[in-house]
Amino acid sequence: MNLESFHRQSIEDREGFWAKQAELIHWNKPFGQVLDYSKPPFARWFLGGETNLCFNAIDRHLASQADKPALIYVSTETGEEDTYSFRQLHEEVMRMAAIMIEQGVGKGDRVLVYMPMVPQAVFAMLACARIGAIHSVVFGGFAAHSLASRIDDATPKLIVSADAGSRAGKVVPYKHLLDEAIELSAHKPSCVLMVDRKLAPMTRIEGRDLDYASQREKHLDAQVPVTWLESNEISYTLYTSGTTGKPKGVQRDVGGYAVALAASMKHIYCGNAGETYFSSSDIGWVVGHSYIVYGPLLAGMATIVYEGTPVRPDAGILWRLVEKYQVTVMFSAPTAIRVLKKQDPAYLTAHDTSSLRALFLAGEPLDEPTAQWIEEGLGRPIIDNYWQTETGWPILTVAHGIEKTPTRLGSPGMPMYGYDVRLLHEQTGEQVGVNEKGVVAIMPPLPPGCMQTVWGDDERFVDTYFSSIPGKLVYSTFDWGVRDADGYYFILGRTDDVINVAGHRLGTREIEESISSHSSVAECAVVGVADQLKGQVAMAFAVLKDPTVIATTSGRLALEGEIMKVVDNQLGAIARPSRVHFVTLLPKTRSGKVLRRAIQALCERRDPGDLTTIEDQAALEQVREALAI
Ligand code: ATP
Ligand code: MG
């Protein structure tokens, strides 16, 4: 079978195609109807079918591999390293579920998880899935007001949290942030379950706060049966990263999500039961939901839950773990690879990574220089995949489980089965031709696994995602793309990242790609800045591999000139940034995405807007300093 005909089948015979994929999971009760699309753009999958994510992730594997590893915990922050077999994971999840049930949590109730990367965070997610509660994971360490707004949106009965996380060797206490958030929020959870890692002191609020360890003791022998759920019931809500503005609350189902993930594990990630999957993401993001917790476990794989950075204790840590646990499938983000690029490349070969079938990267454009650097350095296949919190699994990539399509540098690949991807002209809504820029859009119905709606706001779902192309009910990704003659897609950046210089429309991504090809540059961000004469001009901010090259003013000016020349040569003078500022840090979201809108706002002397998901405020200070604000 080739990918193209597999894809065609998935669009021409949606129901037949997905009914077949649905065989990859266990159904307690078979579904009657594969797809209900009677209320566009809302799609409902596997109607009447009963299943459970936790059962498919754990219980289903007990017969054949109860004593095989299921969850491998590694914290380079605290030095902990633990392995839970499927049997042990089953027990821990039932204990957690019993604690929740005792606190009155049941089907449809929300549980907010505000946790660092510890096994208990995964227990909590799976326990919710087991009893039909809806989890809402909020990235650990978010500031109190961002947490408060999520508490008000999810209105959880229970919050599961911990005393602290740890990042790059620094303890990040959570409890005071949580207490402050609950002060600020209108909704008050009736119970807060605290995991005490003994990293930071906690004040306990009588009658509300419970200690996880002592509760667990009470339920050591808990037997909690799974609650079977109709396929379209809600499994979780999760916010987008907030790169372009206010985060959106994505709501996901049970059956469609389970089928989509199981299918992706087979066709895209090619992971097999008994092997180990390592995603260096965080459970606070969609990658963590799909490919730390549910995807690998559904496939019967062990999953590595990692607390730490890619460079501590040294820049070889990720590869050391690959070697130690014989990881076959790995998932990371371009931003992590760019961090490694600033380190000695010898780390890439210091460990035996031959067990790796492929390293998947997603979350941001994977620029060619970075892709090449890691592919050559590691000597393993690198596969870019393009998707969104909204879709839950890849839209564009290659599916080596179907066909060994070669990858192409700079391209995530081609449309995945189930996604009827179109490149549309932003004004006319017509499909654009080969090598022409268009908005990446998906003709509904969206495939299984994609968001059902915006939590509590169907209207916002339709208005936000299905109303941007005039006269057409089509899902917009809000990203620009182009397709070459061979069918490979390239993402050119977000629709609001296009700049207009004297009537020429330029994607900031193209300019960034060009700047990144200069050998001194580790990463960069380009934004369009209002200009009286030209409408907009490009402004660049670059992080260098070795900042000492700009220690002198003449060195700095020379490098700025060199970089401008690179852009002139590759894209033409029209794309040349008006300035290249050097910083040591770019403002990013906690998920590692460059906050171009904030940089742009500062360049235009505007308020940088919603910064609830920013990683490090100091990066904004650097931009301010560079601009001498
Ligand atoms: P928000 O929607 O709140 O602004 P966000 O879009 O950053 O935040 P995510 O859902 O985490 O939230 O990110 C999805 C986006 O990330 C995509 O729409 C795209 O812009 C970018 N992206 C993800 N993977 C890739 C990739 N492989 N290549 C290029 N861009 C990517
Ligand atoms: Mg988005």
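FYI, it's all coordinate maths here, none of it is from the lab. Note that this is a predicted model, so its numbers are computed, not measured. Every residue, glycine among them, receives a Cβ derived from its backbone with ideal geometry; neighbour counts consider all protein chains shown.
Each peptide among 225-236, 521-532 gets the average number of other Cβ atoms lying within 10 Å of its residues, and from highest to lowest they stand as 521-532, 225-236. Summary of the geometry: region 282-359 and region 452-501, compared by the centres of their Cα atoms, lie 30 Å apart. Across region 423-494, Cα pairs under 8 Å and at least six residues apart give a relative contact order of 35 percent.
Where only DSSP H runs of four or more residues are counted, the chain gives -8500 deg cm²/dmol as its mean residue ellipticity at 222 nm, each run worth -39500 (n - 2.57). Under 5 Å between amide hydrogens, built in the peptide plane, is the criterion, and for Asp209 it picks out Val192 among residues at least 5 positions away or on other chains.
The calculated pair-distance distribution of region 502-626 uses every alpha carbon pair, bins of 10 angstrom beginning at 0, and gives 13, 45, 35, 7 percent.
Loop-located trypsin sites (Lys or Arg not before Pro) across region 516-606 with a Cβ neighbour count of 10 or fewer within 10 Å are Arg605, with loop assigned by DSSP. Just so you know, the averaged projected area of the alpha carbon convex hull for the chain sits at 26.9 nm². The share of Cα pairs per 10 Å bin across region 458-498, counted from zero up to the longest distance, runs 27, 41, 28, 4 percent. The separation of region 540-572 from region 129-198, counted between C-alpha centres, amounts to 43 Å. With both residues required to sit in the chain, DSSP beta bridges show an antiparallel share near 55%. Converting phi to 3J(HN,Hα) with the Karplus coefficients 6.51, -1.76 and 1.60 and the offset θ = phi - 60°, region 532-547 yields 4, 7, 9, x, 9, 10, 7, 10, 10, 10, 10, 9, 9, 5, 10, x Hz in sequence order, with x at every glycine or proline. When peptides 290-297, 505-512 are sorted by average Cβ neighbour count within 10 Å, with the highest value leading, the order is 290-297, 505-512. Translational diffusion coefficient of region 142-252 (Stokes-Einstein, Kirkwood radius from Cα pairs, 4 °C, 1.567 mPa s): 81 µm²/s. DSSP assigns beta bridges within region 490-607; of those with both partners inside it, close to 75 percent run antiparallel.
The tail of the calculated P(r) for region 315-411 beyond 18 Å holds 44 percent of all Cα-Cα pairs. Couplings 3J(HN,Hα) of region 236-246, computed from phi: 7, 10, 7, 8, 5, 6, x, 6, 9, x, 5 Hz, in residue order, whole Hz [Karplus 6.51 cos²θ - 1.76 cosθ + 1.60, θ = phi - 60°; x for Gly and Pro].
What is the sum of charges, Lys and Arg at +1 and Asp and Glu at -1, for the other residues whose Cβ falls under 15 Å from the Cβ of Ile283? Once all neighbours under 15 Å are counted, the net charge is +2.
Summing Cβ point charges (Lys, Arg +1; Asp, Glu -1) relative to the Cα centre of region 423-494 gives a dipole of roughly 80 debye. Return the long-range amide H neighbours of Thr453 (sequence gap of 5 or more, or a different chain), with a cut-off of under 5 Å between placed amide H atoms. Distant-sequence amide H within range of Thr453: Gln251. The simple Förster model, with R0 at 60 Å and r as the Cβ-Cβ distance, assigns Thr78 and Asp13 a FRET efficiency of 0.75. Where a ≥ b ≥ c are the square roots of the eigenvalues of the C-alpha gyration tensor, would you call region 1-141 rounded, which needs a/c under 1.5, or, failing that, prolate if a/b is larger than b/c, or oblate? The shape class here is prolate. Evaluated over the Cα positions of region 423-494, the convex hull gives a direction-averaged projected area, one quarter of its surface, of 5.3 nm². In order along region 418-432, phi translates into HN-Hα couplings of x, 9, 8, 7, 10, 9, 10, 5, 5, 9, 7, x, 7, 5, 8 Hz, rounded to whole numbers, per the Karplus curve 6.51 cos²θ - 1.76 cosθ + 1.60 with θ = phi - 60° and x for Gly and Pro.
Of the GluC sites (Glu not before Pro) found in region 526-629, those in coil by DSSP whose Cβ has at most 16 other Cβ atoms within 10 Å are Glu604. The charge dipole of the chain, taken about its Cα centre with unit charges on the Cβ atoms of Lys, Arg (+1), Asp and Glu (-1) only, comes to about 220 debye. Please report the base-10 log of the normalised intensity I(q)/I(0) for region 180-318, using a Debye sum with one equal scatterer per alpha carbon and no solvent, at each q in 0.21 (1/Å). Log10 I(q)/I(0), no solvent term: -1.34.
Percent of C-alpha pairs per 5 Å bin in region 454-564, short distances first: 2, 10, 14, 15, 15, 14, 12, 7, 4, 3, 2, 0.
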